[in-house]
Amino acid sequence: MRLALTTMIKRELMGYFYTPIAYVFLVVFLLFAGVLPLQIGQFLASGQAELTIFFNYLPWLFVVMVPAVTMRLWAEEHASGTIEVLLTLPVPLYIFVIAKFLAAWIFMIVAILLTFPFWLTVNLLGNPDNGVILLGYITSILIAGSYIAVGCFVSVTTRSQIIAFICATSLSFFLTVLGTQIVLDAVQDGLGVGFYLFVASLGILQHFQSGIRGIISLGDIIYMLSLMGLFLFLSWLFLKYRRLS
């Protein structure tokens, strides 16, 4: 099974890096990762040697960019008809689900790590807390994995990459906007503190913010891993239903 998993991951990664689309994606991702904090967030004008402003924009960038990575994972298999071949292979379905997820996650980790010039820049400008920055990167990678799991699930349910992109972006946006203060204030005013805490616990941003501030709790890690596990399980469940039908 380990050989099958490794082979599938390599196959998927080749699908990314052996095409010019992957490199276009990386350029666009790095471009927006730089433009958003520099132009909109006024990164340099803040005069602070830290990457909090940079990290604050990453979830919103993931909302759009991660679905662009995951939309092809299963929708392409549907469109080309190769999914029927995969479903007949004597390999557990969870191997396919995990392999595609890990390949997309590795690709996004590469994209995130390519932003390291920001880290170098703040060290040249001042004396930042590099431990906090490191934890911010780790949290960003975990959050990216959560968005990828969402995208994988959406992709497995449709043969259209466009539909997969739109639906994954919409669902990712919903999970992100739940953690914004505007939504939480509206929930508290309308439904009370109890619902406020419940909605806050579901929103991605609430679990992301503590990590980029250098304080990540066990609850935040469990949330991210649970979100990944839930949508990967749903992907497996859908494939299992497809194999049996």
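Structural descriptor for the chain: relative contact order 26 percent, calculated from alpha carbon pairs under 8 angstrom and at least 6 residues apart. In the full protein context, the chain carries 49 Å² of accessible surface per residue, based on a 1.4 Å probe and ignoring ligands, DNA and RNA. For region 63-110, what does the alpha-carbon gyration tensor say about shape, rounded, prolate or oblate, given a ≥ b ≥ c as the root eigenvalues, a/c under 1.5 as rounded, and a/b over b/c as prolate? Cα axes put region 63-110 in the oblate bin. Take the Cβ atoms of residue 10 and residue 125, set R0 to 45 Å, and the FRET efficiency comes out at 0.65.
Using a Gaussian network for the chain with springs between C-alpha atoms less than 10 Å apart, which of these wobbles most: 92, 20, 67? In this elastic network of the chain, the residue with the biggest mean-square fluctuation among 92, 20, 67 is 20.
Per residue of the chain, the DSSP helices (runs of n ≥ 4 H) give a summed -39500 (n - 2.57) that works out to -27500 deg cm²/dmol at 222 nm.
Recomputing Rg and Dmax of the Cα atoms in Å from the coordinates shown identifies the correct label among (i) 19.1, 57; (ii) 19.0, 61; (iii) 17.1, 53 as (ii).
Helix 218-244 and the longest principal axis of the Cα set of the chain meet at an angle near 20°.
If the Kirkwood radius is taken over C-alpha pairs of region 1-144, then at 4 °C and 1.567 mPa s the Stokes-Einstein diffusion coefficient equals 77 µm²/s. Overall, the accessible surface of region 84-156 at a probe of 1.4 angstrom is composed of carbon and sulfur to the extent of 78 percent.
The values are calculated or read from the model by the stated rules, or taken from the named source; none is laboratory data. The shown structure was predicted, so the numbers you read here are calculated from the model rather than taken from an experiment. Methodologically, a virtual Cβ is constructed for each residue, glycine included, from the backbone with ideal geometry; neighbour enumeration extends over all protein chains shown. Heads up: the accessible areas ignore ligands, DNA and RNA and are worked out on the full protein's heavy atoms, side chains in. Shrake-Rupley method; radii C 1.70, N 1.55, O 1.52, S 1.80 Å.
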